Amino acid sequence: MSDLTAAALFRLLRRSLLALAVLALPVAAPMAHAERIRDLGNFQGVRSNQLTGYGVVVGLDGSGDDNLEYVTQAMKGVSGRMGLQLPPGIQPNLKNAAAVMITADLPAFAKPGQRIDVTVAAIGKAKSLRGGSLVLAPLFGADGKIYAMAQGNLAVGGLGVSAKDGSQLSVNVPTVGRIAEGGSVERAVDTGFDNAEVLRWNLFTADFLTAERVRDAINRRWPGMATSDDAVTISLRLPMGADTRTSIMAAIEMIDVTPAEAPAKVIVNSRTGTVVINSAVRLSPAAVSHGKLVVRIDEKKDVSQPGPLSNGRTVVTPNSNISASEETAHIALLPKGASLSRIVDALNLLGVTPSDLVAILEALKQAGALKAEMVVI
């Protein structure tokens with residue numbers, strides 16, 4: 001054998017041994033990634049507040065509420081504020097006006113004079129709000145106080161038209177509109193940010209281990225500042241003063257923390273057949289057999305014709321054909337501690353549909369082999 005051939009065989013043998021060594025290595029668990037504290041939760045009180053109100057949209061092209069009592073009373077109130085008193089007993093024709101509900105979100109730390117977006121939706125028989133203008137209306141918070149005033153021209157993305165014969169055509173939703181910066185903040189919400197003795201930070205999802213890691217990360221930089229209240233809340237004792245607290249809270253939000261692994265869950269959407277399995281799901285040893293039984297019934301009708309010169313009559317007779325077939329069942333063995341990828345590979349080997357997958361997962365759960373919580377939505 002030549003020296004060249006021997007060298008080539010040696011290189012081939014070396015590559016084969018390396019490949020076998022790599023395949024023999026255990027599969028490492030996925031490493032958790034650190035996330036910023038601001039992505040894991042938020043400070044209590046630093047949130048938006050919902051506002052609602054009732055108002056009237058005018059300027060519609062005959063697509064309003066007509067004589068709806070709500071809009072009639074509202075228009076009387078609006079005209080009264082303008083110094084115009086409608087004659088008693090007269091119901092105005094208001095096809096160019098519509099009664100609406102107004103909603104908006106008041107951002108955290110919003111101050112008087114700032115502008116917010118508002119959404120306007122018809123509550124009566126109005127066909128379209130396109131081209132309408134909202135008359136000045138107050139927006140109330142959950143405590144019944146006025147926090148903003150809304151007014152302006154609506155931007156409506158939908159379209160609604162009708163013909164004299166009663167036919168109608170609607171594109172999107174023409175009875176909902178939006179006014180960009182149509183609300184003016186009149187009152188600020190007191191969050192206690194600058195004078196509260198304790199500020200609290202809340203996790204988006206309750207988890208004792210993650211809360212402990214957040215607390216420890218904060219205390220490593222500011223010893224003794226953070227204490228855990230429960231699996232969600234971390235209490236922070238910060239120095240008084242808005243300027244100092246702003247700097248400390250900004251620094252806290254940028255601290256990196258490795259959150260705990262999410263609990264094992266299988267989410268099943270019963271309406272669409274969607275199944276989501278997270279990476280924490282594990283299985284005990286189990287064998288899954290999957291097959292399908294198909295029963296088919298064909299119904300036909302035959303005509304029975306009597307012979308010539310007979311006294312019989314033509315009749316229709318049923319002819320039924322029943323057949324049954326069963327596909328070959330496949331068996332997949334799921335080893336102990338099988339990961340998400342192994343589960344997916346095994347179920348794909350069986351060729352299961354989403355509905356079959358749900359049935360298999362439920363059976364594994366009942367057998368005690370599926371170590372996860374099943375949530376059906």
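The values are calculated or read from the model by the stated rules, or taken from the named source; none is laboratory data. Please read all numbers here as calculations on a predicted model, not as lab measurements. Neighbour counts are summed over all protein chains in view; Cβ atoms, including those assigned to glycine, are modelled from backbone coordinates with ideal geometry.
For this structure, a couple of remarks:
- Enumerated strands (runs of 3 or more DSSP E) restricted to segment 112-159, each holding at least 2 residues that are at pLDDT 90 or above and in contact with a Pro (Cβ under 7 Å, 6 or more places away or on another chain): 146-153
- Residue list for segment 52-71, filter: of a type in the set (Val, Ile, Thr) and either modelled with pLDDT under 85 or more than 18 Å from Phe140 (Cβ to Cβ) (or both): Val57, Val58, Val71
- The residue pairs whose first member lies in segment 227-253 and is assigned by TED's automatic domain parsing to the domain that holds Trp201 and part of a strand (DSSP E or B), whose second member is acidic (Asp, Glu) and surrounded by 12 or more Cβ atoms within 10 Å (Cβ to Cβ), and whose beta carbons are closer than 9 Å, counting only pairs six or more residues apart or on different chains, are Ser228/Glu212; Ser235/Asp229.
- Residue within segment 258-281 that is more than 28 Å from the chain's Cα centre (by Cα) and either over 30 Å from Ile360 (Cα atoms) or in a strand (DSSP E or B) (or both) present: no
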